[in-house]
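The values are calculated or read from the model by the stated rules, or taken from the named source; none is laboratory data. It should be emphasised that the depicted structure is a prediction, and the values quoted were computed from it without experimental measurement. Ideal geometry is used to build each Cβ from the backbone, glycine not excepted, and the neighbour counts take in all protein chains shown. With ligands, DNA and RNA removed, areas are computed over all heavy atoms of the protein, side chains included. Shrake-Rupley method; radii C 1.70, N 1.55, O 1.52, S 1.80 Å.
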Amino acid sequence: GESVGLHLPTLSVQEGDNSIINCAYSNSASDYFIWYKQESGKGPQFIIDIRSNMDKRQGQRVTVLLNKTVKHLSLQIAATQPGDSAVYFCADFPPSGGYQKVTFGTGTKLQVIP
Amino acid sequence: GAGVSQSPSNKVTEKGKDVELRCDPISGHTALYWYRQSLGQGLEFLIYFQGNSAPDKSGLPSDRFSAERTGGSVSTLTIQRTQQEDSAVYLCASSLLGTRQETQYFGPGTRLLVL
């Protein structure tokens, strides 16, 4: 993931709209990716993952897109709800690497406007 | 327990003092990780325990940091002679076997402030 300094980028969306959160990673050899959600005062929570042999994966209300050419991940949240308000960050794994080798992004803060 | 627990939830200490942070992983999970989350930064790996194997300490930032895991369960992260730059949220996570194919479960973290 990329470092964006001390201030997290913030995305404000209206309840019911779709949200798109982006992440750039730097290791072109990374072959596995995870999106996490971190609510205020809580630890990160797994949302969805994708392997490098895929370019899209869908979950419940969430879709992850992977563009290996430009080393970019996006997380799409459909029909955003107030409970989706949190910091979202990506993580990329080097080949055959475990969780101790992961690079975590700094995150984007999603604010849902009721 | 139902999830990973950490204590204390908040800790304020003076520069130069030692602190101990505790993590109770999910019962039966053999893999345990410590991370540090500084303001505006991504999670930084500190140390990894897997079963009875020697821990992976490659992420510890200095020799002031140490961790142990007793009986393959509870873990304690110790920071000696704390510095202001140690202020951060310290997160613990556990997983069943320590493989990337399985979900890693995080605790709520300990917020450390060094004055």
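Of the solvent-accessible surface of chain B, computed with a 1.4 Å probe over protein heavy atoms with every protein chain present, carbon and sulfur atoms account for 48 percent.
Interface burial in region B:29-44 reaches 50 Å² or more for B:GLY40, B:LEU43, comparing the full protein assembly with the chain by itself; accessible area from heavy atoms with a 1.4 Å probe. Under a model in which nothing but the beta-carbon of Lys, Arg (+1) and Asp, Glu (-1) is charged, region B:1-92 shows a dipole of about 80 debye around its Cα centre.
The translational diffusion coefficient of chain A, from Stokes-Einstein at 37 °C and 0.692 mPa s with a Kirkwood hydrodynamic radius over alpha carbon pairs, comes to 231 µm²/s. Across region B:51-62, computed HN-Hα scalar couplings (Karplus, 6.51 cos²θ - 1.76 cosθ + 1.60, θ = phi - 60°) run x, 9, 6, 4, x, 8, 9, 4, x, 5, x, 7 Hz from first to last residue, x flagging Gly and Pro. Farthest towards the positive end of the charge dipole of chain A, among the residues A:ILE20, A:GLY59, A:GLY98, is the Cα of A:GLY98, using unit charges on the Cβ of Lys, Arg, Asp and Glu.
Remark: for residue pairs A:LYS101/B:LYS17; A:LYS37/A:LYS101; A:LYS37/B:LYS15; A:LYS42/A:LYS68; A:LYS109/B:LYS15; A:LYS101/B:LYS15, the C-alpha separation exceeds 28 Å in A:LYS101/B:LYS17; A:LYS37/B:LYS15; A:LYS42/A:LYS68; A:LYS109/B:LYS15; A:LYS101/B:LYS15.
Annotation for the A:B interface, with buried accessible surface near 1800 Å², both sides summed [1.4 Å probe; non-protein components not counted].
If only the Cβ of Lys and Arg carry +1 and only the Cβ of Asp and Glu carry -1, the dipole of the protein assembly as shown around its Cα centre is close to 80 debye. In order along region A:36-41, phi translates into HN-Hα couplings of 10, 10, 10, 7, 4, x Hz, rounded to whole numbers, per the Karplus curve 6.51 cos²θ - 1.76 cosθ + 1.60 with θ = phi - 60° and x for Gly and Pro. For region B:5-98, the relative contact order works out to 39 percent when only alpha carbon pairs closer than 8 Å and six or more residues apart are counted.
The protein assembly as shown has equivalent-ellipsoid semi-axes of 29, 20, 16 Å, by the square roots of 5 times the alpha carbon gyration tensor eigenvalues, sorted largest first. Phi angles of region A:18-25 translate, via the Karplus equation with coefficients 6.51, -1.76, 1.60 and θ = phi - 60°, into HN-Hα couplings of 8, 10, 10, 10, 10, 8, 10, 10 Hz per residue; Gly and Pro are given as x. Across chain A, Cα pairs under 8 Å and at least six residues apart give a relative contact order of 38 percent. Give me the percent relative contact order of region B:1-60, please, defined on Cα pairs under 8 angstrom at least 6 residues apart. It rounds to 24 percent for region B:1-60. Centre-to-centre, using Cα atoms only, region A:47-69 and region B:44-110 are separated by 29 Å. Averaged over its residues, the protein assembly as shown has an accessible area of 48 Å² per residue, based on protein heavy atoms and a 1.4 Å probe.
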